[in-house]
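The values are calculated or read from the model by the stated rules, or taken from the named source; none is laboratory data. Computed from a predicted structure; not experimentally measured. No Cβ is skipped: glycine too gets one built from the backbone with ideal geometry, and neighbour counts run over all protein chains shown.
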Amino acid sequence: MKKVFAFCVLLAFAAMAFAGCGGNSGAPAAGSGEGSGGKLLRVGSAIDFAPFEFQDESNKEYQGFDMDLIRALAKDMGYEVEIQNIGFDGLIPAIQAKNIDIMISGVTINEERKERVLFSDPYYQAGLSMIVREDNQDIHKFQDLKGKKVAVQIGTTSSAEVHKLGGVEIKEFNTPPDCFMELKAGGVDAVVNDRPVNDYYITKSGATGVKALPDLLTAEDYGIAIHKDNKELQAKLNASLKKLKENGEYQKIYDKWFGGASK
Ligand code: ARG
């Protein structure tokens with residue numbers, strides 16, 4: 001009788017252990033080298049940056065140039081994609097903590113970031129521009145921002161560059177849409193942000209009462225950021241990017257979001 005009981009207990013434990021294994025078995029992370037089959041690419045992005053990454057209002061899907069590009073790259077590399085929406089200033093830390101494999105988020109390649117992450121080859125050329133209210137008379141060039149209140153997204157090159165100008169009263173916000181709202185509400189005199197995003201805001205989102213200025217502060221290249229240890233994934237991304245540029249796929253995605261000529 002005792003023996004039967006002990007056997008039952010054993011069986012129960014075995015069943016629990018088995019169930020536990022099943023529950024934990026996710027697809028292996030990109031470049032982990034473990035297991036085969038369904039490889040998962042964990043992608044981080046700050047979904048606040050139309051037309052690169054934003055949320056479709058009706059079906060809530062993440063869409064934009066970066067989203068299409070990373071899905072096409074992953075498909076070519078044989079990965080499933082999982083996209084996580086993470087605040088821009090939390091993206092590099094998330095890579096360093098290996099919570100995500102890569103970030104695609106209109107990220108400017110620069111020396112300071114190269115100390116913390118690897119970058120793919122450049123995939124888009126941008127720079128910084130300004131948005132002001134339509135009735136603004138005294139801001140034309142970046143130098144005119146001295147003594148003014150300016151909104152920037154936290155952790156961005158806009159923030160760094162406006163700090164460098166000196167003499168500007170800077171207000172940092174979590175997202176560019178927050179910056180635009182503050183401008184409209186009269187809390188700041190200008191928004192500094194990436195030119196293609198500013199242009200899209202003015203021309204495509206039906207913004208009123210504001211205008212984009214032609215003066216450009218910087219020329220910046222976007223790249224996909226990868227964990228420092230993952231040179232293998234960097235090489236794969238670069239090979240696929242090259243392939244998509246050669247076979248016209250990159251151009252298709254570019255035309256979908258920007259129309260007309262490519263860079
Ligand atoms: N290009 C700028 C930077 O790298 C801004 C990027 C912001 N991206 C975003 N998804 N909000 O700092």
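Points worth noting:
- Among the residues of region 69-87, those that are surrounded by fewer than 16 Cβ atoms within 10 Å (Cβ to Cβ) and over 15 Å from the mean Cα position of the chain (by Cα) comprise 75, 78, 80.
- When every residue of region 108-122 is checked against the conditions, at least one turns out to be modelled with pLDDT of 95 or more, within 26 Å of residue 207 (Cα to Cα), surrounded by 15 or more Cβ atoms within 10 Å (Cβ to Cβ) and out of contact with any Gly (no Cβ under 6 Å at 6 or more places or on another chain).
- Checked against the criterion of being closer than 21 Å to residue 87 by Cα, β-branched (Val, Ile, Thr) and not in a strand (DSSP E or B), the candidates 150, 197 yield just one match: 197.
- Residue pairs whose Cβ atoms lie under 6 Å apart, separated by 6 or more positions or on different chains, with the first residue in region 43-58 and in contact (Cβ under 8 Å) with a residue 60 or more places away in the chain and the second hydroxyl-bearing (Ser, Thr, Tyr) and in a loop (DSSP other than H, G, I, E, B), are 45/105; 46/105; 48/175.
- Just so you know, in region 212-252 the residues that are small (Gly, Ala, Ser) and outside any helix (DSSP H, G or I) include one that is farthest from residue 73 (Cα to Cα), and it is 212.
- Candidate set: region 180-206, residues that are of a type in the set (A, V, I, L, M) and under 16 Å from residue 48 (Cα atoms); chosen: the one surrounded by the most Cβ atoms within 10 Å (Cβ to Cβ): 191
- Conditions (1) in a strand (DSSP E or B); (2) modelled with pLDDT under 95; number of the one not met by residue 203: (1)
- The criterion of being small (Gly, Ala, Ser) and near the ligand (Cβ under 10 Å from one of its atoms) does not hold for residue 78.
- Restricting the first member to region 143-159 and to residues that are free of Cβ contacts under 8 Å to residues at least 60 places away in the same chain and more than 15 Å from residue 181 (Cα to Cα), and the second to residues that are crowded, with 23+ Cβ neighbours inside 10 Å and of a type outside the set (A, V, I, L, M), the beta-carbon pairs closer than 6 Å and six or more apart or on different chains are 158/193.
- For region 95-123, the tally of residues that are within 21 Å of residue 39 (Cβ to Cβ) and within 13 Å of the ligand (Cβ to nearest atom) stands at 3.
- Residue in region 193-201 that is away from the ligand (no atom under 16 Å from the Cβ) and either touching a residue at least 12 places away in the same chain (Cβ under 8 Å) or β-branched (Val, Ile, Thr) (or both) present: no
- Residue match in region 230-248 (condition: crowded, with 20+ Cβ neighbours inside 10 Å and within 19 Å of residue 197 (Cα to Cα)): no
- Qualifying residue in region 163-173 (condition: surrounded by fewer than 23 Cβ atoms within 10 Å (Cβ to Cβ), within 12 Å of the ligand (Cβ to nearest atom) and within 29 Å of residue 250 (Cβ to Cβ)): no
- Residue count, region 132-158 (criterion: modelled with pLDDT under 95 and within 16 Å of the ligand (Cβ to nearest atom)): 0
- Condition check for residue 126: more than 10 Å from the ligand (Cβ to nearest atom), buried (at least 20 other Cβ atoms within 10 Å of the Cβ) and touching a residue at least 24 places away in the same chain (Cβ under 8 Å): no
- Count of residues meeting criterion [in a loop (DSSP other than H, G, I, E, B) and of a type in the set (A, V, I, L, M, F, W, C)] in region 37-57: 4
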